[in-house]
Amino acid sequence: MAFLELARKRKSVRSYRGDPVPREVIDRCLEAARLAPSACNSQPWSFVVVDTPQRRREFVEAAYSGLHFINSFAKEAPVHIAVIRERAKATARWGGLAKGVDFTLIDIGMACEHLVLQAAEEGVGSCIMGWFDQGAVKKILGLSRGARVDILVCLGYPKQQGPAVKQRKTLEEIRRYP
């Protein structure tokens, strides 16, 4: 599929069938994420995949309860991926300090975009979420208190197929040639 066609096809999915996503498909999505660019080639990410029914039940109750109910749609998804922010290389950290930018957040964003684009290529729906109970997620995954889980990505086969209905600014609204 041509890249622009893939970018147009990919959408945030909030309603999933219960069918499992084969681990081979998940691994291809993670391989795409692994290939994402990062500041100074730091690759400041790791991924914890929750895809077994029992672990998933525990995980979704921890992640999407209480104040985080707004993303409770994700409880339907058969796969949840916790994106762990790892320590960047010193050169990336220094550059970030000099610019006042945390490049690791940009880096994991690019990795997640690669992941969800590959998922779309595979016919798998996805949703990237930042609103969840990070403390509960770290606890259920056995991560240290100092670990950073900035993003969760859920994957699954969409209940409804069809073209993405996206409201996007026009190219003229976002492009400028000075």
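The values are calculated or read from the model by the stated rules, or taken from the named source; none is laboratory data. Keep in mind the model is a prediction, meaning the values are calculated, not measured. With ideal geometry, Cβ positions are generated from the backbone for all residues, glycine too; neighbour counts draw on all protein chains shown.
Matching residues to (1) modelled with pLDDT of 95 or more; (2) in contact with an Asp or Glu (Cβ under 9 Å, 6 or more places away or on another chain):
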{"position": "K138", "(1), (2)": "yes, no"}
{"position": "R145", "(1), (2)": "no, no"}
{"position": "I151", "(1), (2)": "yes, no"}
{"position": "G156", "(1), (2)": "yes, yes"}
{"position": "P163", "(1), (2)": "no, no"}
{"position": "Q167", "(1), (2)": "no, no"}
{"position": "T170", "(1), (2)": "no, no"}
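In the range 84-92, is there at least one residue being at pLDDT 95 or above and under 20 Å from G156 (Cβ atoms)?
Taking the range 84-92 and keeping what is at pLDDT 95 or above, we get 84.
Filter once more, so that each one left must be under 20 Å from G156 (Cβ atoms): none.
No, every residue in the range 84-92 fails to be at pLDDT 95 or above and under 20 Å from G156 (Cβ atoms).
For the range 145-178, what are the residues that are of a type in the set (V, I, T) and within 16 Å of the chain's Cα centre (by Cα)?
V149, I151, V153
Where the second residue is modelled with pLDDT under 80 and part of a helix (DSSP H, G or I) and the first is under 14 Å from N41 (Cα atoms) and lies in the range 86-102, which pairs have Cβ atoms under 9 Å and are six or more apart or on separate chains?
Taking only residues 6 or more apart or on different chains, the pairs are R87/R93; A88/G96.
Enumerate the pairs (first residue in the range 36-62 and of a type in the set (D, E); second residue anywhere and modelled with pLDDT of 95 or more and part of a strand (DSSP E or B)) with beta-carbon separation below 9 Å, excluding pairs fewer than 6 apart on the same chain, so at least 6 apart or on different chains.
Short answer, once both residue conditions are applied: D51/V79; D51/H80; D51/I81; D51/L155; E58/V50.
Within the set of pairs 6 or more residues apart or between chains, which connect a residue that is closer than 29 Å to E24 by Cα inside the range 156-178 to a residue that is of a type outside the set (G, A, S) with Cβ atoms less than 6 Å apart?
So the pair list comes out as G156/Y16; G156/P78; Y157/R17; Y157/D19; P158/V13; K159/R17; A164/K11.
Give me the strands (runs of 3 or more DSSP E) completely within the range 62-178, filtered to those with at least 2 residues that are of a type outside the set (A, V, I, L, M) and surrounded by fewer than 19 Cβ atoms within 10 Å (Cβ to Cβ), ordered by residue number.
Those strands (runs of 3 or more DSSP E) span 148-156.
Cβ contacts < 7 Å: first residue touching a residue at least 60 places away in the same chain (Cβ under 8 Å), restricted to the range 125-144; second residue outside any loop (DSSP other than H, G, I, E, B) and of a type in the set (D, E, K, R), any location; separation 6+ or different chain. Result?
I140/E58
Taking the range 1-56 as the region of interest, how many residues are outside any loop (DSSP other than H, G, I, E, B) and either farther than 19 Å from A82 by Cβ or touching an Asp or Glu at 6+ places or on another chain (Cβ under 8 Å) (or both)?
Result for the range 1-56: 19.
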